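Worksheet: the structure to be examined is printed underneath.
Derivation of every value follows stated rules applied to the coordinates shown; laboratory data play no part. The structure presented is a predicted model; accordingly, all values stated were derived computationally and were not measured. So basically every Cβ, Gly included, is an ideal-geometry build from the backbone, and we count neighbours across all protein chains shown.
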């Protein structure tokens, strides 16, 4: 029985989808320059902060897909575990799909929908459902 | 190549599919404002196939093309009876209907404890085939441009064939084509289905590049852009729409000279070109001149 449980846990841990379930959160503040935001990205995997990843932050506008090419920037490791920092240079205010491309131990891409305005950025809420991170 | 260049080139390649789809219909004499709907059908079909059922991307792309062609055929059945502005409006209405259908589509499966699939306006996340199969951005760029090159070669072969001549004749003078024995309605329906398949292929590749799609991706902006690319670049050759994409995404957007004013510049460029060069930069006259000069 114990051997079977051990095998099951081992199998679950080795399954990439389980090992790489990611969540992300964004906290962006406007800078003195128009459309440039100072962003903190918080990443977690299975509820635990994800540190040591190589994170590239890009963005695209959902209403105009492929029409904007925001220059992706490599995020620096932040002060807290699982935290990263990047300056995001957008082209205009509005709703952006922020793309977090992860390399290194975890290879994945996370899309976070945020509304950017003069005050900063807030998660986009559609309908009555809370946004999925 | 850095990430930015790879990203710009991938976007140019992806949007070229829908621009070519619009171009194909224009040379057949119809201006569709609805190709973004089939782009969306392709994106959703391929996304569902790979993310929910574990089907490999090449097969999923084939399924997407089939779905796109079927959707375009069904839309074409009633709309191709219309002409000019009425056809344009009908295709726009059809695309909006498809977008609203995507908004109403809630079809998810529990995969590894997580719901995966289209979730209405919340979008469709986790289309991760590319990441699960270790395809790097440069590799995906090569895949997109390889597919695009194959499509361009097909276009060039068709344009030099009897089929291509029939297509252009249909666009220039459908009555003449009818008198010469072409079944105009059937032919246009076939063209619409192929254009739908082409847009859907672009959509399938886009969904896997982005890993996330939502109904808003497929609204009128994408349709207007695809038409504008064909009209700016020119209707004389298959390279016309690609030139249009290159001017907008590559030069105007890539250089970021105009920043937030780019759309105004782009709109002005379309207006000026429609006045002075209604069939675009690479129109039939320029293409014939180039052929004479370099042939």
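Here are the numbers for the structure shown:
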| quantity | calculated |
| --- | --- |
| Shape of region B:185-271, Cα gyration tensor, a/c cut at 1.5 | oblate |
| Tail fraction, Cα-Cα pairs, region B:111-151, threshold 15 Å, whole percent | 60 |
| Hull shadow area, averaged, chain B [alpha-carbon convex hull, nm²] | 16.2 |
| Per-residue average of Cβ from other chains inside 10 Å of B:208-220 | 5 |
| Pair residue A:74, residue B:285: separation of 7 Å Cα→Cβ label points (nm) | 5.2 |
| Average beta-carbon neighbours from other chains, 10 Å sphere, peptide B:191-200 | 0 |
| Prolate/oblate/rounded call for the protein assembly as shown, Cα gyration tensor, a/c under 1.5 rounded | prolate |
| Cβ-Cβ FRET estimate between residue A:32 and residue B:180, R0 fixed at 56 Å, reported to 0.05 | 0.25 |
| Size-normalised alpha-carbon gyration radius of region A:21-123, reference 2.2 N^0.38 Å | 1.00 |
| Nearest 10 degrees, 0 to 90: helix B:284-294 Cα axis against chain B principal axis | 80 |
| Förster-model FRET efficiency, 41 Å R0, residue A:21 and residue B:156, C-beta, rounded to 0.05 | 0.35 |
| Helix B:220-233 vs. chain B, principal-axis angle (Cα, 0 to 90°, nearest 10) | 40 |
| Gain on full stretching of the segment that runs from residue B:220 to residue B:251 - 0.36 nm per residue minus C-alpha separation | 8.9 nm |
| GNM flexibility winner over chain B from B:266, B:33, B:102 (Cα, springs under 10 Å) | B:266 |
| Estimated FRET transfer efficiency when R0 is 45 angstrom, pair residue A:115-residue B:292 (beta carbons, to 0.05) | 0.25 |
| Chain B: relative contact order as a whole-number percent, Cα under 8 Å and 6+ apart | 32 |
| Distance in nm between pseudo-label sites at residue B:239 and residue B:89 (7 Å out along the Cβ direction from Cα) | 3.9 |
| Dmax and Rg, reported as Rg then Dmax, of region B:1-149 (C-alpha, Å) | 16.8, 51 |
| Centroid-to-centroid separation of region A:59-133 and region B:31-77 [C-alpha atoms, Å] | 27 |
| Average beta carbon contacts from partner chains per residue of A:52-65, 10 Å cutoff | 4 |
| Top of B:150, B:230, B:207 by mean-square fluctuation, Gaussian network on chain B, Cα under 10 Å | B:150 |
| GNM top mover of B:83, B:125, B:285 - chain B, alpha-carbon springs below 10 Å | B:285 |
| Tilt relative to chain B, helix B:184-210 - C-alpha long axis, 0 to 90 degrees, to 10 | 40 |
